[in-house]
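Scroll down for the structure; my scribbles are underneath it.
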Amino acid sequence: MKKLYASITSVGCFLPKTILSNSDLEKIVDTSDDWITTRTGIKERRILDKGIGTSYMAIKAANAIIEKKQINPLEIDLVIVATITPDMHATATAAFVASEIGASNAFGYDINAACSGFLYGMSTASAFIESGRYNKVLLIGADKMSSIVDYQDRNTCIIFGDGAGAVLLEPNTNGLGVQDEYLRSDGSNRDLLRIEAGGSINPTSKETVMSKKHFIYQDGKNVFKHAVSNMSNAADQIMMRNGLTKSDVSFLVAHQANKRIIDATSNRMGIEDDKVLMNISRYGNTTAATIPLLLHDYESKFKKGDNIIFASFGAGFTWGAMFLKWAYNQ
Ligand code: UT7
């Protein structure tokens, strides 16, 4: 039997309509459009309405694929949602998404790996496809970061935004799809980027709410240093392991946390700017959604056989890189 590769065969997305611009933030915290733009590359981000959750965006992104590909939802085997902002604790957002899109023959679960959630999800999904066990896996990266951001904390509120992106993974027997992965984590640094309360160590109490421990906290400077060294190292490793030179790489699809982190990674890889995909200026850091949102925005540029390097870094710490051969022309 021919080797099965896990290929991406369609991409969908959803972005909330409400825009929170840098000048809007200037009115809320002590910051400026100039500071945010030069330090991060972000100009604006999207914010989902109150009262609806991550599943709302994930369902829209999934339905975009179902409509575009004209697939019967009953053929979907597995739905994975990568998120750190599930609709609620103790239920998988993916199970709800699967039901709502009519994928009643599928099972669904969430992956919690923050900004690397989508890459880790690609690893899981591709293993299922390569084994021959399942044929249609829907992988969604979705986060409603506005639900965990303190809009009085300028270290975090300027960075994050809401959004969802989805891909369909299917078997390919022509060598197109996921080729290799280099994934790592280091839990010893988890305190540098975290939500302190609401888990089993520090359950919700009046005190945890009053002291704002349910919001995301980050030691930005320290996280930045780890992000630069680990993301660029992972991208470098995946190129070396696969004998790829800079001219072999068609595109870098990197997690959008800070333009300076992406620039450091592409410099280490030695690739030209036009191969480095960016949309951080429009959406900010949407955590698990940044990579599929990039795939959606640049889908028309990709050609069958293109060598794409993915790279990410996030809370945990979690990071890694993947090498994928694109499988279709739009
Ligand atoms: O997505 C998952 C992983 N997350 C990341 O990868 C994020 C990594 N970190 C970062 O992107 C950056 O560290 C930030 C964007 C969060 C901060 O940028 P920075 O260049 O590291 O700034 P800094 O924290 O070193 O602060 C530099 C200065 C400080 O002032 P002083 O001490 O030099 O007077 C800060 O108080 O900028 C000040 N500052 C701000 N000024 C205006 C910090 N935040 C702001 C702000 N607006 N929002």
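Give ILE280, ILE291, ILE309 a once-over and let me know the one that is among the aliphatic types (A, V, I, L, M), touching a residue at least 60 places away in the same chain (Cβ under 8 Å), within 16 Å of the ligand (Cβ to nearest atom) and more than 18 Å from ALA113 (Cβ to Cβ).
ILE280
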*Could you tell me whether region 263-278 includes any residue that is under 30 Å from SER147 (Cβ atoms), out of contact with any helix residue (DSSP H, G or I) (no Cβ under 6 Å at 6 or more places or on another chain) and surrounded by 14 or more Cβ atoms within 10 Å (Cβ to Cβ)?*
yes
*Can you name the residue in region 31-53 that is in a loop (DSSP other than H, G, I, E, B) and closer than 19 Å to THR93 by Cβ and is also nearest to the ligand (Cβ to nearest atom) among such residues?*
LEU48
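Checking the conditions here, which among LEU20, LEU4, LEU15, LEU74 is modelled with pLDDT of 95 or more and within 16 Å of the ligand (Cβ to nearest atom)?
That would be LEU20, the only listed residue that is modelled with pLDDT of 95 or more and within 16 Å of the ligand (Cβ to nearest atom).
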_With farther than 18 Å from GLY165 by Cβ, in a helix (DSSP H, G or I), outside the structural domain of GLU196 (by TED's automatic domain parsing) and touching a Gly at 6+ places or on another chain (Cβ under 6 Å) as the only criterion, which of ALA61, ALA95 stands out?_
ALA95
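Filtering region 34-71 down to residues that are small (Gly, Ala, Ser) and over 16 Å from the mean Cα position of the chain (by Cα), which residue is farthest from ARG154 (Cα to Cα)?
ALA64
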*asked:* Can you report the number of residues in region 122-161 which are within 14 Å of the ligand (Cβ to nearest atom) and outside any helix (DSSP H, G or I)?
replied: 16
*Where LEU192 falls short, out of the listed (1) buried (at least 22 other Cβ atoms within 10 Å of the Cβ); (2) of a type in the set (A, V, I, L, M, F, W, C); (3) within 16 Å of the ligand (Cβ to nearest atom)*: (1)
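The values are calculated or read from the model by the stated rules, or taken from the named source; none is laboratory data. These numbers come from a predicted model, not from an experiment. Backbone-built Cβ (ideal geometry, glycine too); neighbour counts: all protein chains shown.
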